[in-house]
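Novice: Handing you a structure now.
The values are calculated or read from the model by the stated rules, or taken from the named source; none is laboratory data. Being a predicted model, the structure only gives us computed values, none of them experimental. So basically every Cβ, Gly included, is an ideal-geometry build from the backbone, and we count neighbours across all protein chains shown. To get the accessible areas, we keep the full protein, side chains included, count just its heavy atoms, and leave off ligands, DNA and RNA. Shrake-Rupley method; radii C 1.70, N 1.55, O 1.52, S 1.80 Å.
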Amino acid sequence: MKHTKNLFLILFLTSICFLFPFSPNQSFGQILMGSERPDLYLTHLQGKKVGIVANQTSIMPQSSNQHIVDYLLSQNVNLKKVFVPEHGFRGTADAGEKVDNSVDQKTGLPIISLYGNNKKPSADQIKDLDVIIFDLQDVGVRFYTYISTMHYIMEAAAENGKEVIIFDRPNPNGNYVAGPVLKKGFESFVGMHPIPVVHGLTVGELAQMINGEKWLKGGLTCQIKVIPMNGWSHSSIYSLPVKPSPNLPNDLSVKLYPSTCFFEGTVVSLGRGTYFPFQVYGYPDSKFGEFTFTPVSIDGMSKTPPHQDKLCYGRDLRKESLDHRFTLEYLVEAYQKSGMKEKFFNNYFNTLAGTDQIKKMILAGKSASEIEASWQSELESFNKLRLNYLLYK
């Protein structure tokens with residue numbers, strides 16, 4: 001009878017798992033963010049004046065999603081100010097929208113924008129600090145600007161003798177490396193380092209690489225302390241508990257982002273102005289495909305999307321697998337359907353790509369697989385370099 005009861009219990013629990021699947025990070029609490037390991041940093045912060053780079057992603061999932069700013073204040077950390085990246089402190093500013101300095105209504109802390117004209121903290125803005133904490137959820141893609149903000153934080157700290165503490169978080173695209181390595185002369189805020197489009201590093205690992213390879217201005221190195229995660233590896237599946245930015249609303253958008261973001265450098269819409277951005281693409285011409293959508297102004301997501309209020313034809317990618325990896329297939333397919341040649345691209349494309357070779361090869365009629373094969377030796381070299389800075393297996 002006891003065995004029968006046990007068997008019934010096993011069958012019941014198994015059926016529940018099928019009905020209510022959960023991601024590994026949501027089960028039994030085995031992944032701890034760097035911020036959720038206070039034993040590794042609270043003592044270090046005692047008696048110090050602290051600034052923090054934070055936004056809506058800076059939460060502690062295993063502590064009822066408490067915001068790191070609220071937690072540090074509850075622990076009597078002398079938090080002086082909050083620096084915010086693109087999209088602002090609450091993550092509601094549109095891509096590229098100016099973010100102004102303000103005051104957080106809940107805590108009264110001054111909020112200093114690091115997006116717009118002030119991407120790097122000035123000496124005056126950090127002179128009253130001993131330590132700057134960086135705690136943002138990145139997505140593991142070169143042109144996602146949170147890592148550029150980290151670069152400038154490290155540079156300002158190195159120039160002014162300040163310490164940077166990185167509270168590490170998972171890279172949801174951290175199990176592979178892909179795409180062209182950024183070439184010299186193509187550096188910008190959407191690509192500051194000679195790394196691939198999908199770099200396979202956490203922010204903590206990348207910070208160590210920036211230091212180790214002396215990529216800060218003048219070859220400076222920053223005094224950094226990485227607070228590592230516990231329970232995460234580069235093969236872990238991780239579902240983000242909070243949107244990292246307004247137009248990455250779910251796990252699939254994060255997986256497709258490296259591939260579909262290239263449309264920002266073309267005439268094609270990638271779905272801004274819909275509730276499924278980066279998961280579709282199209283253009284106001286029926287030859288682009290049978291699927292249709294109409295971009296509209298959406299406050300908090302995209303106020304003035306490309307092709308606003310125009311019916312776009314294209315492709316729906318919402319049934320793609322969460323195992324999706326970077327590909328140029330969508331870009332090349334849309335280019336071939338367009339018949340526009342040079343006019344398909346805008347001036348932003350090469351900046352986004354970090355090279356002029358992709359555009360040249362597409363114009364020359366190369367296939368996606370031929371273009372992707374052209375950077376394999378670069379990826380092999382980068383993978384060897386990457387091994388020197390990995391914190392997780």
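Novice: Mind counting the residues in the stretch 188-230 that are in a loop (DSSP other than H, G, I, E, B) and not small (Gly, Ala, Ser)?
Specialist: 20
Novice: Looking at the stretch 313-344, which of its residues are within 9 Å of residue 266 (Cβ to Cβ) and under 24 Å from the mean Cα position of the chain (by Cα)?
Specialist: 331
Novice: Can I ask one more? If you take just the helices (runs of 4 or more DSSP H) that sit entirely in the stretch 304-393, which of them hold at least 3 residues that are open to solvent by 30 Å² or more (accessible area, probe 1.4 Å)?
Specialist: The qualifying helices (runs of 4 or more DSSP H) are 329-338, 357-363, 368-373, 376-387.
Novice: May I ask you to say which residue of 187, 213 is surrounded by fewer than 18 Cβ atoms within 10 Å (Cβ to Cβ), at pLDDT 95 or above and touching a helix residue (DSSP H, G or I) at 6+ places or on another chain (Cβ under 8 Å)?
Specialist: Among 187, 213, only 213 is surrounded by fewer than 18 Cβ atoms within 10 Å (Cβ to Cβ), at pLDDT 95 or above and touching a helix residue (DSSP H, G or I) at 6+ places or on another chain (Cβ under 8 Å).
Novice: Pick from the stretch 190-210 the residues that are among the β-branched types (Val, Ile, Thr) and out of contact with any Pro (no Cβ under 6 Å at 6 or more places or on another chain): which of them is most open to solvent (accessible area, probe 1.4 Å)?
Specialist: 190
Novice: Please enumerate the residues belonging to the stretch 142-182 that are open to solvent by less than 10 Å² (accessible area, probe 1.4 Å) and of a type in the set (Gly, Ala, Ser).
Specialist: 148, 156, 157, 174, 179
Novice: Can you name the helices (runs of 4 or more DSSP H) wholly within the stretch 24-138 that have at least 2 residues being modelled with pLDDT of 95 or more and crowded, with 21+ Cβ neighbours inside 10 Å?
Specialist: Numbers: elements: 42-45, 68-74, 123-126.
Here the list reads 68-74.
Novice: Follow-up question, since we're still on this one. Return yes when residue 271 is open to solvent by less than 20 Å² (accessible area, probe 1.4 Å), part of a strand (DSSP E or B) and touching a strand residue (DSSP E or B) at 6+ places or on another chain (Cβ under 7 Å) and no when it is not.
Specialist: For residue 271, the condition - open to solvent by less than 20 Å² (accessible area, probe 1.4 Å), part of a strand (DSSP E or B) and touching a strand residue (DSSP E or B) at 6+ places or on another chain (Cβ under 7 Å) - is not met.
Novice: Residue check: is residue 219 open to solvent by 10 Å² or more (accessible area, probe 1.4 Å), free of Cβ contacts under 8 Å to residues at least 40 places away in the same chain and not charged (D, E, K, R)?
Specialist: Taking the combined requirement at face value, the residue satisfies it.
Novice: Which of the residues belonging to the stretch 234-245 are over 12 Å from the mean Cα position of the chain (by Cα), over 17 Å from residue 168 (Cβ atoms) and open to solvent by less than 40 Å² (accessible area, probe 1.4 Å)?
Specialist: 239, the sole residue that qualifies.
Novice: Residues that are in a loop (DSSP other than H, G, I, E, B) and at pLDDT below 95: does the stretch 247-259 have at least one?
Specialist: For the stretch 247-259, residues in a loop (DSSP other than H, G, I, E, B) and at pLDDT below 95: absent.
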